[in-house]
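Below is one structure, written out as structure tokens; comments come after it.
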Amino acid sequence: MAPTLILSRALSAIVTLFGVMVIVFVLVRVVPGDPIAMMIAPGASDADIAALRAHYGLDLPIWQQFLVWLGQVLLGNFGTSISLKQGVLTVILERLPATLELAVFALAMALVWGSFIALVSTAARGTLLEKFIDNFNGVMLAVPDFIWGLTFVLVLGVFVPVLPISGRSDPTIDAGLSSQFYILEGVLRGKLLFVWDVLKHMLLPAFTMSFPLAAVIGRVLKNTMMDVMVQDYIVLARIKGLSSLRILLQEALRNAAVPALALTGVQFTFLIGGTVITERIFSYPGIGNLAIDAVINRDLPLIQGLVLTFGAIFVAVNMAVDALAAWLNPRLRHA
Amino acid sequence: MSPVIDIKHLSARSAAGPILRDVALSVNAGETMALVGESGAGKSTIAKAVLGILPQGITVTSGDIVFEGKNLLTLPQRELRKMLGVRIALIPQDPLTSLNPARRIGDQLTDGLRLRAGMDGKTARTQATRLLNDVQIRDPERVLQRYPHELSGGMRQRVLIAQAFSLNPQVIIADEPTTALDVTVQKQVLRLIRDMQRNHKTTLLFVTHDLGVVAQVCDRMTVLYGGKVLEQGVVAEILQSPQHPYTQALLAANPRYDRPSQSLKPVPETVLAALKQELSA
């Protein structure tokens, strides 16, 4: 990507994040629920409540509160969680790696699974197998992720308990890692048994999140593959005597991948949004689960910090997708 | 001289009706045979039948296409694929859509050399450079690094010509190879195809609707209408004294650049009516 393009993307990212900050800040203050009411001991006097409110700055006008928060965020201070009594940044950074590893794992599964569906279905076009795959894909598309999650818990966790259904790793294993990137650090340090345990814990939540995404990728990629397969250069590749597999992977997939990839970027952000419910179902200690706790406790600084984190992830994902699309489609490089 | 491609009693139809009617066509080694006719005459269908890429909905109802002792119509897909690219190649109609937009010229041009002729990457690249030289592309090393969208239409057609000749096939089918090009570029590309064909002693099946092109590059010609062969013979003789009324009308319809004041002469209704009667008989 050209430097000017990167610069303009960075600028629009800043604008986006500012918008996110304004919206979340206003929203959490407009919706019902009072953090102070969650904190006070029964029987506290009105004076006590007012003092507490003043302590957290919640007695100021909303625009003033926002400016204070904005100023502090720019200085790198995201405030203190009301319910956890810890720095918001500390709390988020401690939980974020768990969510990132889960989301990337789920994305990888969705990509593999979705591409597989699309390629087999394209290769089998005109046969019963194609119809079967397309219909199966329709079912995957129609069922929301939390239904898959609950089904997995019931079937693979309760009826036939083959996989763990809660937490991130077996608490009896102490791997002695220094970071929260269990997979990454575990692999780097060669603690493969521990990595295997973490993977087993991630399997069901990752499956849950990847199913709808895989179905979308599969459908879109299949459709674009069908469009590409009738192009002149595919016909010519056949006349060059290239094998069907080579035509599918070398000639068609790269051209068909661009629209599917752009869509994957958008859908990946949905997947990250989906971590909130999925992590809850599987008691997975990531920021999604943290977000639900924060909302239940009306923990305003933590909610703001978390939404800002999600916003930053979305922006980063979109930029990564643009870069990838440019790499895949040489015609976009100078655009 | 035994023919290289021998098409006998070839008939094909679609849901809408017959596409080819008992076509007989033999092309001798080293010659250039023109398939001439207006849209829907069946010239492209013949080319596609030879290459085994007839679109769905068109079925061959009878006939043989014999090439190197084998009937291409009954040959298993696998056997046909072994021949395609190596023994039979295609120069496509539209250079703008016939190159893969996501792959570099060098990679596409060397597909055949690497995968079919078994060359290693470096040898294939050297050979590709030589091929681009042959089709008069300047600075071939740089062009190999380019993507299709970075080349002009004429350049892309040269690349496709180089690719068709890359494995020195016995037969090349040129499917209206200059239709999508500028008039000025057309002339150069035609001359190039003719020179390459003579140097490689390739047999060329040249599909076109342009009689000027036929006069320039072809040895013999087959005139088609409605899927039926009307006239076949040496180009010079047919252009001199066409036998079939349709061919006569076709020649008269050719605009005269030296007499721009003369109005265009479409094929007369009487000729067309007679043709329709001939076809339905």
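Just a few scattered comments:
- Selected from B:Leu279, A:Val15, A:Thr264, residue furthest toward positive end of dipole (the protein assembly as shown; charges at beta carbon): B:Leu279
- Nearest-ten-degree value, helix A:62-74 long axis tilted from longest Cα axis of chain A: 60 degrees
- Here the spin labels are modelled as points 7 Å beyond Cα on the Cα-Cβ line, and at B:Asn168 and A:Leu324 they lie 4.6 nm apart.
- Between B and A, accessible area buried - total, square angstrom, nearest 100, 1.4 angstrom probe: 2000 Å²
- In segment B:20-65, burial by the other protein chains removes 30 Å² or more of 1.4 Å probe accessible surface, compared with the chain on its own, from B:Ile53.
- For chain B, calculated [θ]222 nm from helices alone, where every DSSP H run of n ≥ 4 adds -39500 (n - 2.57): -11000 deg cm²/dmol
- About its Cα centre, the dipole of chain B is roughly 700 debye, where the only charges are +1 on Lys and Arg Cβ and -1 on Asp and Glu Cβ.
- Links that overshoot a 31 Å alpha carbon limit, given the list A:Lys222/B:Lys187; A:Lys240/B:Lys187; B:Lys8/B:Lys276; A:Lys240/B:Lys43: A:Lys222/B:Lys187
- Cβ-Cβ distance of B:Leu272 and B:Lys70, R₀ of 45 Å, FRET efficiency by 1/(1 + (r/R0)^6): the value works out to about 0.70.
- Counting protein heavy atoms only, segment A:205-291 has 65 percent of its accessible area on carbon and sulfur, 1.4 angstrom probe.
- Euclidean distance between Cα centres, segment A:1-57 to segment B:94-161, Å: 58 Å
- In this Cβ point-charge picture (+1 for Lys and Arg, -1 for Asp and Glu), the protein assembly as shown has a dipole of about 1560 debye about its Cα centre.
- Calculated [θ] (222 nm, deg cm²/dmol) that DSSP helices of n ≥ 4 give over chain A, each run adding -39,500 (n - 2.57): -23500 deg cm²/dmol
- Charge dipole of the protein assembly as shown about the Cα centre (unit charges at C-beta), most positive-ward option of A:Ala41, A:Val295, B:Leu96: B:Leu96
- Segment A:273-335-segment A:226-267 distance, computed between alpha-carbon centres (Å): 31 Å
- Options A:Ala54, A:Ala103, A:Asn137, ranked by Cα towards positive dipole end of segment A:1-139, top entry (Cβ charges): A:Asn137
- Residues listed by number, segment B:66-102, amide nitrogen under 17 Å from A:Val230 label point at 7 Å toward C-beta: B:97-98
- Kyte-Doolittle mean at least -0.5 and Cα axial length at least 15 Å: DSSP H helices in chain B: B:153-165, B:269-280
- Rolled with a 1.4 Å probe across the full set of protein chains, the surface gives A:Ser8 an accessible area near 60 Å².
- Selected from A:Leu308, A:Leu188, A:Leu271 as most flexible by GNM, with chain A as the system and alpha-carbon contacts under 10 Å: A:Leu188
- Axis of helix A:192-228 versus longest Cα principal axis of chain A: the two differ by about 50°, to the nearest ten degrees.
- Solvent-accessible surface ranking, highest first, for A:Asp299, A:Asp59 at 1.4 angstrom: A:Asp59, A:Asp299
- Cα gyration tensor category, rounded, prolate or oblate, for segment B:11-96 with a/c compared to 1.5: rounded
- Sites A:Leu27 and B:Glu141 - FRET efficiency at Förster radius 45 Å, r taken between beta-carbons, to 0.05: 0.15
- With both labels modelled 7 Å from their Cα along Cα-to-Cβ, the A:Leu5 to B:Gln216 distance reads 3.9 nm.
- Around the Cα centre of chain A, unit charges on the Cβ atoms of Lys, Arg, Asp and Glu (plus for the first two, minus for the last two) sum to a dipole of about 1060 debye.
- Within 10 Å of each Cβ in B:99-106, the average number of Cβ atoms from other chains: 6
- Inter-site label distance for A:Leu141 and A:Trp196 at 7 Å from Cα along Cβ, in nm: 3.9 nm
- Note on A:229-236: average number of Cβ atoms from other chains within 10 Å of each residue's Cβ is 6.
- Exposure of A:Lys85 as accessible area (Å², to 10), given a probe of 1.4 Å and all protein chains: 140 Å²
The values are calculated or read from the model by the stated rules, or taken from the named source; none is laboratory data. Just so it is clear, the structure is predicted and the values come from calculations on it, not from any experiment. Don't worry about glycine lacking a Cβ; one is built from the backbone with ideal geometry, like all the others, and counts go over all protein chains shown. Accessible surface is based on the protein model in full, side chains and every heavy atom, while ligands, DNA and RNA are left aside. Shrake-Rupley method; radii C 1.70, N 1.55, O 1.52, S 1.80 Å.
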